[in-house]
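Everything below concerns the one structure shown next.
Just so it is clear, none of the values below were taken in a lab; they were calculated from the coordinates. Quick caveat: nothing in here was measured; it's all calculated off a predicted structure. Cβ atoms come from the backbone with ideal geometry, glycine included; neighbour counts cover every protein chain shown.
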Amino acid sequence: GENVEQHPSTLSVQEGDSAVIKCTYSDSASNYFPWYKQELGKRPQLIIDIRSNVGEKKDQRIAVTLNKTAKHFSLHITETQPEDSAVYFCAASKGTGANNLFFGTGTRLTVIP
Amino acid sequence: KAGVTQTPRYLIKTRGQQVTLSCSPISGHRSVSWYQQTPGQGLQFLFEYFSETQRNKGNFPGRFSGRQFSNSRSEMNVSTLELGDSALYLCASKPGPGDTGELFFGEGSRLTVL
């Protein structure tokens, strides 16, 4: 099955700096890569996703890049704000409607004001 | 629209007991999946149901089972509870095949096994 590794497990940045979280996957057939944000005590929520037919996607301060050859993808958050503090999970799956997402172990991001 | 609703939110059981967790998906969503969240392992896929049929199953022992009803509500059951089953169990729904892929999670059921 798919194996998703995520690094780092914890990340602290100063407010206004950028944060980068990296993930690798093992199954070359995976073609859907979402990122979920989970604030303390709350449910995970999708913040951005990318499919294997594109290399980069941006949404305001958040961007995701995908390197299919190397089988890794990354989340980039620019101009970090305290409300960005949360646990971020990357995931991978196959198929457009696949529900069995394979998640990374999460990155706890702390933005220091 | 109401979000995904999970009950109970918190429960405490002892080893050897069994537990049933319930999930009501967003209205109109026909696909329901379950995940186990633990501090060290992140979110691990348990199983996924669509139209009352299990479509996918994760790598969990047979003590973990689930089902989906005709109204898309789902239940999962864990029998012969072990200490290691202590976790947050998250349910997620989505419309079904051909959707965007986004999972809508509930707030979870936190199970503590003593």
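Here are some notes:
- Projected area, mean over directions - the protein assembly as shown, Cα convex hull, nm²: 12.3 nm²
- Normalised Debye scattering of the range B:1-72 at q = 0.18, 0.22, 0.27 Å⁻¹ gives log10 I(q)/I(0) of -0.83, -1.19, -1.43, counting only Cα atoms as equal scatterers and leaving out solvent.
- Within chain B, longest stretch free of exposed GluC sites (Glu not before Pro) [DSSP loop, at most 15 other beta carbons within 10 Å]: B:1-51
- Taking Lys and Arg as +1 and Asp and Glu as -1, the other residues whose beta-carbon sits under 12 Å from that of B:G16 total +1.
- In a DSSP loop and with at most 10 other Cβ atoms within 10 Å, the trypsin sites (Lys or Arg not before Pro) in the range B:1-90 are B:K1.
- Under a 5 Å amide H cut-off, with hydrogens placed 1.01 Å from N, A:L101 pairs with nothing among residues at least 5 apart or on other chains.
- Pairs of lysine residues in the protein assembly as shown - Cα separation under 14 Å, sequence separation of 8 or more or cross-chain: 5
- Just so you know, the Rg over Rh for chain A is 0.96, from Cα atoms, with Rh as the Kirkwood radius.
- Here B:N77 and B:A2 are evaluated by their C-beta separation; at R0 = 22 Å the FRET efficiency comes out at 0.35.
- Charge dipole (debye, nearest 20) of the protein assembly as shown; +1 at Cβ of Lys and Arg, -1 at Cβ of Asp and Glu: 580 debye
- Residues with amide H under 5 Å from that of A:D17, placed H, sequence gap 5 or more: A:T80
- For the segment B:28-39, counting C-beta atoms of other chains within 10 Å of every residue's C-beta and taking the mean gives 2.
- Rg over Rh for the range B:23-114 works out to 0.96, both radii taken from alpha-carbon positions and Rh defined as the Kirkwood radius.
- Amide hydrogen proximity for B:E107: with H placed 1.01 Å from N in the peptide plane, the residues at 5 or more positions away or on another chain lying under 5 Å are B:Q6.
- Separation between Cα centres of the range B:1-61 and the range A:11-53, rounded to whole Å: 22 Å
- For the residues B:F104, B:F69, B:F45, a GNM of chain B with alpha-carbon springs under 10 Å puts the largest fluctuation on B:F69.
- Per-q log10 I(q)/I(0), the range A:14-62, q = 0.20, 0.25 Å⁻¹ (Debye; single scatterer per alpha-carbon; no solvent): -0.92, -1.19
- Distance between the 7 Å Cα→Cβ label points at B:Y10 and B:F69: 2.6 nm.
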